[in-house]
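Single-structure report; data block below.
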Amino acid sequence: METSYNVRIWKTDVYKGTKVTTYTVRWKVDQKTFKEPFRGKTQADNFKAELTVATNRGEAFSLEDGRPVSWKRDEHAISWFTLMCAYMDTKWPFASGNHRKSIAEALTDATEALLTSDAGRPDQTELRAALRGWVFSTRVRDGKDLIKGQHTAVRWLDPPEDIRHVILWLQKNTIDVQELTRPKRGPLLTRAVLDRISRKQDGTAAAGNTVKRKRQVLNNAFKFAREISALQANPLDSVTWTKPRTEDTVDPGVVANREQARAILAEVAKEGALGKRLAAFFGCIYYAGLRPEEVIDLRKENIRALPENGGWGEFVLTNSDPEVGTKWTDDGAARQRRGLKHRPVKAKRQVPIHPDLVALLLAHSAEFNHGREGRIFTGPRGGIIRDSTYLPVWHKARERALSPTEQASGIAARPYDFRHACVSTWLNAGVNPPQVAEWAGHSVDVLLRVYAKCIAGGQVEAMRRIETALPPAAPSERSDAPKTD
């Protein structure tokens with residue numbers, strides 16, 4: 001390999017096109033000129049800084065590609081692309097559909113910050129689509145995609161024609177993971193990754209909870225890299241990172257009161273044949289605090305008691321059926337049945353059924369047959385209810401039930417907000433937090449943290465108790481009372 005120590009780095013060129021701005025780093029090794037284009041100023045500055053550091057260290061540069069010899073890949077190096085595919089394959093069998101999707105989102109963002117070249121780079125939209133829809137979906141990539149009810153073979157090295165060029169480009173243009181732990185260069189790359197997961201695609205700041213979740217994914221991925229000896233240290237330990245503020249508490253402004261909730265349920269029932277099917281569906285969320293995916297999975301055996309002469313009934317929940325998308329389930333269906341959230345496998349949860357909900361369920365059972373597998377709630381043709389089925393009904397009913405001011409405030413903007421209303425009602429009714437936590441499927445500490453702002457009257461009661469323990473002094477006993485001779 002021909003090398004030289006004669007290196008000169010020039011000012012970054014900036015070209016502002018009609019759609020994108022390109023930042024090109026230019027430098028010279030001996031008599032040979034090199035350039036590297038970037039679409040982001042931060043990436044260009046980082047690359048230029050790495051060249052400068054290598055120059056100041058007196059490192060030799062290759063005349064072949066213009067880069068420091070120390071950057072050359074060795075035969076044992078593992079690319080970021082290869083490592084992340086291996087990590088996803090390891091996590092896949094043990095992760096829920098939503099968790100798989102969450103991992104893919106974090107790794108997609110990180111990959112965007114760890115590309116080695118802009119030459120021939122695919123469009124961002126197709127790049128992200130290929131990563132999320134194929135690379136990070138182990139089921140699709142390994143040839144278990146479901147087409148017309150049958151498994152079809154899609155070999156790992158033979159991706160679909162429309163994204164093949166993207167996959168081939170990614171295989172050649174992600175960093176060696178060892179670069180993440182190299183002095184100076186490693187922290188720069190790690191910061192670029194943290195900066196990317198902290199922002200949305202449009203460049204605005206992401207929500208604190210989203211950033212926290214994505215960083216946890218990266219931390220676990222780096223731990224996996226250490227387990228297989230791809231890394232000797234966790235790159236996140238090399239940078240000081242300010243943890244974003246997160247907001248776990250429910251906004252009381254989204255919690256519907258009794259009159260608002262009942263008005264929405266009444267309007268749902270007026271929304272044609274589908275609305276009649278969904279009145280009790282939404283009632284389960286409001287009166288029993290069930291998650292939508294738990295309501296969708298309700299079956300005959302989940303109802304222990306449903307008295308026809310009034311009174312309370314009881315649910316015994318065993319499963320949920322979240323909608324996560326066909327790329328993230330084991331069989332290619334939009335939903336994947338799983339155990340209860342935050343509960344061990346085969347765990348059960350007992351939830352009381354309010355008398356008003358008992359009436360809704362009895363009316364529903366009298367009018368509609370149970371679906372396949374004994375499902376209580378199904379679509380008109382007996383199929384599983386999709387989010388796209390019940391959300392339009394919800395929004396139309398909410399629009400008629402609430403005033404424009406109430407709608408603008410965000411009250412019950414989502415069906416899930418009915419769950420918040422239910423749990424808040426239980427707490428404000430004085431039900432012990434451990435009992436509420438059991439019914440809602442939370443731990444006590446999470447319950448109190450999430451619903452801290454929704455407990456009404458807490459401050460007044462606290463002041464009353466303090467006054468009982470420390471009665472106000474009589475006027476004559478106060479230190480500031482006027483003294484008499």
Any hit, region 15-22, residues being over 20 Å from residue 188 (Cα atoms), small (Gly, Ala, Ser) and without any contact (Cβ under 8 Å) to a residue 40 or more places away in the chain: yes
Some residue of region 18-34 being open to solvent by less than 40 Å² (accessible area, probe 1.4 Å) and assigned to a helix (DSSP H, G or I): no
Residue pairs meeting the criteria (Cβ under 7 Å; at least 6 apart or on separate chains; first of a type in the set (Lys, Arg), in region 177-201; second open to solvent by 60 Å² or more (accessible area, probe 1.4 Å)): 199/205
Region 39-88, residues that are open to solvent by 10 Å² or more (accessible area, probe 1.4 Å), part of a helix (DSSP H, G or I) and more than 28 Å from residue 106 (Cα to Cα): 52, 53, 55, 56, 69, 70
First in region 100-113 and at pLDDT 95 or above, second anywhere and open to solvent by less than 10 Å² (accessible area, probe 1.4 Å) and among the basic types (Lys, Arg), Cβ under 6 Å, 6 or more apart: none
Single residue of 271, 293 found to be open to solvent by 40 Å² or more (accessible area, probe 1.4 Å) and within 30 Å of the chain's Cα centre (by Cα): 293
Those residues of region 4-17 which are of a type outside the set (S, T, N, Q), over 37 Å from the mean Cα position of the chain (by Cα) and surrounded by 11 or more Cβ atoms within 10 Å (Cβ to Cβ), in sequence order: 5, 7, 8, 9, 10, 13
Residue ID - nearest to residue 263 (Cα to Cα), chosen from residues in region 344-374 that are of a type in the set (Lys, Arg) and modelled with pLDDT under 90: 372
Residue in region 302-320 that is open to solvent by less than 10 Å² (accessible area, probe 1.4 Å), within 30 Å of residue 138 (Cα to Cα) and in contact (Cβ under 8 Å) with a residue 12 or more places away in the chain present: yes
Residue count for region 412-452, restricted to those that are part of a loop (DSSP other than H, G, I, E, B) and more than 23 Å from the chain's Cα centre (by Cα): 4
In region 89-118, the residues that are part of a helix (DSSP H, G or I) and under 26 Å from residue 25 (Cβ atoms): 108, 109, 110, 111, 112
Cβ pairs under 7 Å, 6+ apart, first in region 426-446 and at positive phi, second of a type outside the set (S, T, N, Q): 441/340; 441/341; 441/342; 441/343; 441/349
Subset of region 174-220 [modelled with pLDDT under 90, open to solvent by less than 70 Å² (accessible area, probe 1.4 Å), under 22 Å from residue 77 (Cβ atoms) and part of a loop (DSSP other than H, G, I, E, B)]: 182
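Yes/no per residue for (1) aromatic (Phe, Trp, Tyr); (2) closer than 22 Å to residue 175 by Cα; (3) over 38 Å from the mean Cα position of the chain (by Cα):
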residue	(1), (2), (3)
2	no, no, yes
28	no, no, yes
44	no, yes, no
50	no, yes, no
54	no, yes, yes
90	no, yes, no
94	yes, no, no
101	no, no, no
Residue list for region 238-268, filter: surrounded by 13 or more Cβ atoms within 10 Å (Cβ to Cβ), assigned to a helix (DSSP H, G or I) and either among the hydroxyl-bearing types (Ser, Thr, Tyr) or modelled with pLDDT of 90 or more (or both): 238, 260, 261, 262, 263, 264, 265, 266, 267, 268
Pairs with Cβ under 9 Å, 6+ apart, first in region 270-287 and in contact (Cβ under 8 Å) with a residue 40 or more places away in the chain and closer than 15 Å to residue 256 by Cβ, second open to solvent by 30 Å² or more (accessible area, probe 1.4 Å) and basic (Lys, Arg): 286/262
Test result for residue 444, touching a helix residue (DSSP H, G or I) at 6+ places or on another chain (Cβ under 7 Å), crowded, with 22+ Cβ neighbours inside 10 Å and either farther than 23 Å from residue 257 by Cβ or not small (Gly, Ala, Ser) (or both): no
Single unsatisfied condition, residue 230 versus (1) in contact (Cβ under 8 Å) with a residue 60 or more places away in the chain; (2) farther than 21 Å from residue 103 by Cα; (3) not in a helix (DSSP H, G or I): (2)
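Considering only region 353-370, state which residues are open to solvent by less than 20 Å² (accessible area, probe 1.4 Å) and either over 18 Å from residue 269 (Cβ atoms) or outside any helix (DSSP H, G or I) (or both).
Scanning region 353-370 gives a single hit, 353.
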Tally of residues being more than 16 Å from residue 297 (Cβ to Cβ) and either crowded, with 16+ Cβ neighbours inside 10 Å or among the aromatic types (Phe, Trp, Tyr) (or both) across region 327-352: 4
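The values are calculated or read from the model by the stated rules, or taken from the named source; none is laboratory data. Just so it is clear, the model here is predicted, and its values are computed rather than measured. When we count neighbours, we look across all protein chains shown, and the Cβ atoms used for this are built from the backbone with ideal geometry, even at glycine. Only protein heavy atoms, including side chains, enter the accessible area calculation; ligands, DNA and RNA are left aside. Shrake-Rupley method; radii C 1.70, N 1.55, O 1.52, S 1.80 Å.
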